[in-house]
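Remarks on the structure that follows.
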Amino acid sequence: MVRVDFGNRERLAELMDREFYKCYQCGTCTVNCLLGDSLLVRRTIRHIQLGITPENGYIWKCISCNFCGAQCPSNVDIAHIFRSLKALKYEEKNYPEKVNEVLWNVYEEGNPLGSPKKERFTWLQKTGSSDEYDVLIYTCCMAAYDKHGQDILMRTAYILEKAGLKVGFFTDSSCCGDAVYHVGDDYFYEEVANQNAERLDGYKAEVILTVSPHVYHNLKNLYPRYNARISTPILHHTQYLYELLNEGRLKLGKLEARVTYHDPCYLARYNDIVEEPRGLLEAIDGIEFVEMPHSKRETLCCGGGGGGIWLENEEARDVTRRRLDEVAYIDTNVMATACPYCIRMFEDESKVLNMDLNVIDVTELLYEALVQSVKAST
Ligand code: SF4
Ligand code: SF4
């Protein structure tokens, strides 16, 4: 007979905002978990309901995609339950060795990769020395240290400038803390969040733009929970560019391409941003837009979320491949998305699979269309 540990259950309930009480054990989550049955989702939640803390190990595999949560008939925030378990295990000093390395990299160099802090902005042609901007861009660590990511950032800035805006980069930035949050180090996360919020408030800008859904989610939704408040409005670049398009401030030329769009989990499922990136693609004359079988809130995952991209989560490669199977199925070689993690994951895995696939940010197509229009007018 199993005895309920009421004390431990209450401790878990507080940690998880009582989410597990909504679960009535239908098992839909276990069937739908993108990592297959290795996470034992329903059983994990049952144990918690009985006041039993799940074992360590497998919980670290959760990539926080929240595909399970989107299918749950009782709307249980399952990804939050798993992240809370990681925080609990972190507090007990019971975590994979790689976690220490990631945290140390953020502490020492301001990014989870461990790349030198002083090289974060060496690629930046303009240093953004003005006091006031229309738009301030917050770079993601992945984009700042990656050639493709840097191109995306510069092209975003180019488009904004063509729309007549004064653009700057948040050059005091360090990691937004996404990796820190997902390994469960709440004290360090609070410090990172407050430091970034304070520095951001030192800039005068109409809007803060992020090219990463993870940065967006942290700044907008997670920071306030840690008392880190930013007074400037925060938008993902697809939202802002879509606004500019609707105001008639982007003149786009023609491109010939058959393109699909991968919805990043942290845009579509966590923040309901699905129409804006599609609106941008569909506005380009000559683009044939094709949807994959899973799209919008039902999107699959790149496998890189929840700290998975930093913790070398081997199981998550199957998740990446499952999405690439869908790209092959709809027969296109251009996959647009709007997240530096997704781009990195799909670029790497498609190379391993020898796929003829161009993984790009929506911005890159907009940039090409804008250049075409500039050429046509000169
Ligand atoms: S799908 Fe929701 S209600 Fe069903 S077992 Fe999973 S968490 Fe519980
Ligand atoms: S968030 Fe994703 S990986 Fe985690 S339990 Fe749900 S479906 Fe599985």
Heads up, the helices (runs of 4 or more DSSP H) in segment 1-80 (entirely inside) with at least 3 residues that are open to solvent by 70 Å² or more (accessible area, probe 1.4 Å) and more than 15 Å from ligand 2 (Cβ to nearest atom) are 6-15
So for segment 136-158 (the condition being more than 22 Å from the chain's Cα centre (by Cα), open to solvent by 20 Å² or more (accessible area, probe 1.4 Å) and touching a residue at least 24 places away in the same chain (Cβ under 8 Å)), does at least one residue qualify? yes
So, in segment 122-135, exactly how many residues are open to solvent by less than 40 Å² (accessible area, probe 1.4 Å) and closer than 20 Å to LEU219 by Cβ? 3
Options VAL334, VAL362: the member that is in contact with a Pro (Cβ under 6 Å, 6 or more places away or on another chain), within 26 Å of LYS296 (Cβ to Cβ) and open to solvent by less than 50 Å² (accessible area, probe 1.4 Å): VAL362
Yes/no for VAL76 being more than 20 Å from the chain's Cα centre (by Cα), assigned by TED's automatic domain parsing to the domain that holds ASP172 and either at pLDDT 95 or above or closer than 22 Å to GLU190 by Cβ (or both): no
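Let's see how each residue does on (1) within 16 Å of ligand 1 (Cβ to nearest atom); (2) in the same structural domain as ALA179 (by TED's automatic domain parsing); (3) touching a residue at least 24 places away in the same chain (Cβ under 8 Å):
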site: MET16; (1), (2), (3): yes, no, yes
site: CYS29; (1), (2), (3): yes, no, yes
site: ARG43; (1), (2), (3): yes, no, no
site: ARG46; (1), (2), (3): yes, no, no
site: HIS80; (1), (2), (3): yes, no, yes
site: SER84; (1), (2), (3): yes, no, yes
site: LYS98; (1), (2), (3): no, no, yes
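The values are calculated or read from the model by the stated rules, or taken from the named source; none is laboratory data. Since we're looking at a predicted model, the values are computed, not measured. All Cβ positions, glycine included, derive from the backbone under ideal geometry; neighbour counts span all protein chains shown. Areas reflect the complete protein model, heavy atoms only, side chains present, ligands, DNA and RNA absent. Shrake-Rupley method; radii C 1.70, N 1.55, O 1.52, S 1.80 Å.
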